[in-house]
1. Would you tally the net charge around ALA254, using a Cβ to Cβ cut-off of less than 13 Å, leaving ALA254 out, and scoring K and R as +1, D and E as -1?
2. How much of ILE485 can a 1.4 Å solvent probe reach, expressed as accessible area in Å² and rounded to 10?
3. Can you give the FRET efficiency for TRP101 and PHE219, using 1/(1 + (r/R0)^6), R0 = 25 Å, r = Cβ-Cβ distance, to the nearest 0.05?
4. About the Cα centre of region 384-464, what is the dipole size in debye to 20, counting +1 per Lys and Arg Cβ and -1 per Asp and Glu Cβ, all else neutral?
5. Need one number: nm distance between label points at GLU391 and ILE307, each 7 Å from Cα along Cα→Cβ, rounded to one decimal.
6. Can you tell me the FRET efficiency between MET264 and ILE7 if r is taken as the Cβ-Cβ distance and R0 is 30 Å, rounded to the nearest 0.05?
7. Tell me which GluC sites (Glu not before Pro) from region 409-453 have a DSSP coil assignment and no more than 16 other beta carbons within 10 Å of their own.
8. With just the Cα atoms defining each centre, how far is region 137-157 from region 275-291? Give it in Å.
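The values are calculated or read from the model by the stated rules, or taken from the named source; none is laboratory data. This one's a predicted model, so the numbers in the text were calculated from it and none came from an experiment. Cβ sites come from the backbone with ideal geometry, for glycine too, and all protein chains shown count toward neighbours. Each accessible area value is taken on the protein alone, full model and side chains, heavy atoms only, with ligands, DNA and RNA left out. Shrake-Rupley method; radii C 1.70, N 1.55, O 1.52, S 1.80 Å.
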Amino acid sequence: MNTLINILSLVGSLGLFLYGMKIMSEGLEKFAGDKLRNVLSAMTKNRFMGVLTGILVTALIQSSSATTVMVVSFVNAGLMTLAQSIGVIMGANIGTTVTAWIISAIGFKVNISAFSIPLLAFGLPLLFSGSSKRKSIGEFIFGFSFLFMGLSLLQESASNIHIDVIVANLLAEVPEGGFLTILLFILVGALVTMLVQASAATMAITLMLFGMNIPGFGFEQAAALAMGQNIGTTITAYLASLTANTQARRAAMAHMLFNVVGVMVVLSFFYPACNAIAWFVSDVMHNNNDLYKLSAFHTAFNVFNTILLIGFVPQIEKLVCRLLPSNEEDEEYRLKFIAGGLLSTAELSILEAEKEVNNFALRCQKMFGIVRDLVKTNAESEFNKSFSRVEKYEAITDRMEIEIANYLSHVSEGRLSNESKAEIQKMLKQISELESIGDSCYNLARTINRRRQYTKEDFTEEQMQHIFAMMSLVGNALEEMVKRIGHNTHGKITASLNIEHEINNYRNQLRNQNLQDVNSGLYGYQIGVFYTDFINECEKLGDYIMNVVQAGKGVNDSDPERKE
């Protein structure tokens, strides 16, 4: 019974460590917010700055997985090129080694868990603060405390179940020495990290086991485990990219290739490398702490790989592009920037949603362009082809609304700042109105189709001029809407309001003129009905466009700035 309790305590301690790291990372990401995004997008102008950015961001949030997933999401959102992402990923591998140095220096020497609980007293009032920034700092403090509490409990639980004896017995079954043994440890390190999805956690376990001086588990075996962890940690970004676009999948594959190639190269001189690191720590650093040797190997391994491969970023880019060729036809009618699964933490996922809303607006604009061409089309085959495209786009807008809404619902389940919650509400309103724009475009196409089916009478030349003038106004409104969404503008909406007023006034003018023309016998009543239906639908479309603009500004339909 005691053994079962100790095993559960070991697993629970690991869970507390992982949870602490997650909370700490999310707290920092939320605190940094847009600044973190701006740093990643601005400091990647060349591969060397990208490496530096990856090191700094990963050292800050203490998670290479979080950084690489973030990078994949940025590539997916079109904010970062594939070449830029490769540099950041290289830097993330170096930045993650900071965790090992911290654990080596204080994790198993100073009982930092004794300070963890008193530290929670400082984080508690911040956690319940009304300020999202202070709340994020409180979350960071709680995560930091949980992380080292978990680390301390992990060591205690491991000692209680005599894990050193268990590992020693297992190693007794492994052939002593030899290159195959090193390969086995690399494989184990990769598999365990894939399961845990946190290289920092497996590195902490490796350091703990190495510090126990277990027979058969020396420096070389621990170094092999660390190398395997570098391969295993790529699984997180790979899983995140499965539902992403081609460029994002290429970034995840580049991450995997970089780490696998690095392991293969270092394996070719593995034992000399281990000896060189041991000499450096003992004779140059004058430090006999074995944990420092492992941390130094971990850092040297990643630094060496970065120096080795940074000059081959263009070649790596070409290789992943060849391995994952793009198929634009397959991606034409799917979400471009987001998909069913979240690409990153809740706070950063909003960025993908914003890009997708912009993409939604662009598709609505393209759909309206098809309708405009449809009005001018006389040939039956061309008309049917264009009408089918409008029908297809209407189905796309329905699907996009549902998929983006589901994505935002998943995002809202995470811990978000008040600003991000407001952003989600804004986007939910926008996609609802964008879907209405799609419906309205479809209604315009149906009106033209019904006119062709139920009457042989064409619109008069004057009616056609009025229709195109109205559509030109709607097109201007759409262009202004797309511009505002694309630049995420929150200023005055005077331009959009002026266009909407023009549309309303023109609709009233044409509606009154239509009654006079029908009474005067200039054209039949039936063609007049189709004409007014089309004009009225254009005015409705203008209202939906205005609703999207106002949702982006954070106002509602009763806003005093808008007057019919």
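1. Details: positive: ARG47, ARG249, ARG250, LYS318, ARG322; negative: GLU317.
That sum, taken over residues with Cβ under 13 Å, equals +4.
2. 30
3. After rounding, the FRET efficiency stands at 0.90.
4. Details: 13 positive and 15 negative charges, 49 e Å.
In total the dipole reaches around 240 debye.
5. About 6.5 nm separates the two model spin labels.
6. 0.25
7. On the way: sites: GLU413, GLU419, GLU423, GLU433, GLU435; in loops: GLU413.
Those satisfying the criteria are GLU413.
8. 29
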